[in-house]
Amino acid sequence: MLEKNVKSSIKQLDNLQQKSIELKESLEDSLVYHELVKDVHDAILWEKEKIALVSSADYGNSLVEVQAMMKRHQVKK
């Protein structure tokens, strides 16, 4: 009787270990996927920010405004 209980417990432990290994692999795959999605999302946001910076329709209304804008942009470099 005791031997049967021990064998049953060992079998349950082996099953639990196998399931935990499978879960760990699944979680690692999920982590890789979510990191990729985050990197893509960050890249898209970066591109949108840069597009917004370079697509300004404000060209200035006078020579003085244009020169002032050029000086500001040269300082940012």
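Each reported figure results from applying straightforward, stated rules to the coordinates on display, with no laboratory input. What you are looking at is a predicted structure, and each value in this text was computed from that prediction instead of being measured. Note that each Cβ is placed from the backbone with ideal geometry, even for glycine, and that neighbours are counted across all protein chains shown.
Overview of values
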| item | result |
| --- | --- |
| Only listed residue being in a helix (DSSP H, G or I) and loosely packed, with under 10 Cβ neighbours inside 10 Å, chosen from 12, 74, 67, 18 | 74 |
| Residue in segment 54-63 that is out of contact with any His (no Cβ under 8 Å at 6 or more places or on another chain), surrounded by 10 or more Cβ atoms within 10 Å (Cβ to Cβ) and in a helix (DSSP H, G or I) present | no |
| Residues located in segment 1-60, provided they are within 30 Å of residue 72 (Cβ to Cβ) and either more than 29 Å from the chain's Cα centre (by Cα) or among the aromatic types (Phe, Trp, Tyr) (or both) | 46, 57, 58, 59, 60 |
